[in-house]
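First comes the structure, then the notes that go with it.
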Amino acid sequence: FDSPVICEYLDSLHGGAKMFPASGPARWAALRRQATADGILDAAILTRYEALRPETIRWSDWTDGQMAKVRGALGALELDADKLGSTVDIGTITIGCALGYLDFRFPSEGWAKRCPKLAKWYEGFSARPSMKATVPQG
């Protein structure tokens with residue numbers, strides 16, 4: 001099963017604050033943000049895999065297309081950044097993970113320069129202990 005199914009299942013097993021809002025606009029916003037950030041991760045990971053192939057068989061047009069998806073999704077999140085606030089749900093967690101992955105594997109992409117509102121939100125979100133504890137090493 002894919003991560004969203006696993007996350008929602010685990011979220012259903014406890015009585016504490018939920019990562020998945022139960023219903024209404026908050027649920028749809030969280031799911032939309034999760035899907036957008038999952039799309040960033042999917043395209044970025046595929047780009048990373050392509051970069052690991054021998055240079056003679058890499059397909060640069062395909063890689064460019066994947067990174068265009070990443071940039072488009074980042075643009076959508078930039079438009080939504082003012083609404084993220086301090087909310088912690090499956091959407092914001094996935095956004096934080098996607099941005100962290102971009103910083104880790106694609107630092108030259110410079111997403112934060114093109115998305116200043118999103119970068120400001122991420123600065124605060126990435127300071128959370130849970131985010132600090134899961135920063136990739138190496």
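The values are calculated or read from the model by the stated rules, or taken from the named source; none is laboratory data. From a predicted model like this one, the values you see are computed outputs, not experimental measurements. Positions of Cβ are backbone-derived with ideal geometry, glycine not excepted, and every protein chain shown enters the neighbour counts. To get the accessible areas, we keep the full protein, side chains included, count just its heavy atoms, and leave off ligands, DNA and RNA. Shrake-Rupley method; radii C 1.70, N 1.55, O 1.52, S 1.80 Å.
Among the residues of region 7-33, those identified as among the aliphatic types (A, V, I, L, M), more than 13 Å from ILE93 (Cβ to Cβ) and under 20 Å from the mean Cα position of the chain (by Cα) are ALA26, ALA29. In summary, helices (runs of 4 or more DSSP H) completely within region 93-138 and bearing 2 or more residues that are closer than 16 Å to LEU79 by Cα and open to solvent by 30 Å² or more (accessible area, probe 1.4 Å) occur at 111-114, 116-125.
Here is the figure for region 66-86: residues that are open to solvent by 60 Å² or more (accessible area, probe 1.4 Å) and in contact (Cβ under 8 Å) with a residue 40 or more places away in the chain total 2. Kindly evaluate ASP82 against the criterion of being under 22 Å from THR134 (Cα atoms) and either modelled with pLDDT of 95 or more or not polar (S, T, N, Q) (or both). No, not satisfied. Condition check for ALA51 on (1) more than 17 Å from GLY110 (Cα to Cα); (2) assigned to a helix (DSSP H, G or I); (3) open to solvent by 30 Å² or more (accessible area, probe 1.4 Å); (4) in contact (Cβ under 8 Å) with a residue 24 or more places away in the chain: one failure, at (4). What are the residues in region 102-126 that are more than 14 Å from the chain's Cα centre (by Cα) and among the small types (Gly, Ala, Ser), if any? Listed by number, the residues that qualify are SER108, GLY110, GLY124.
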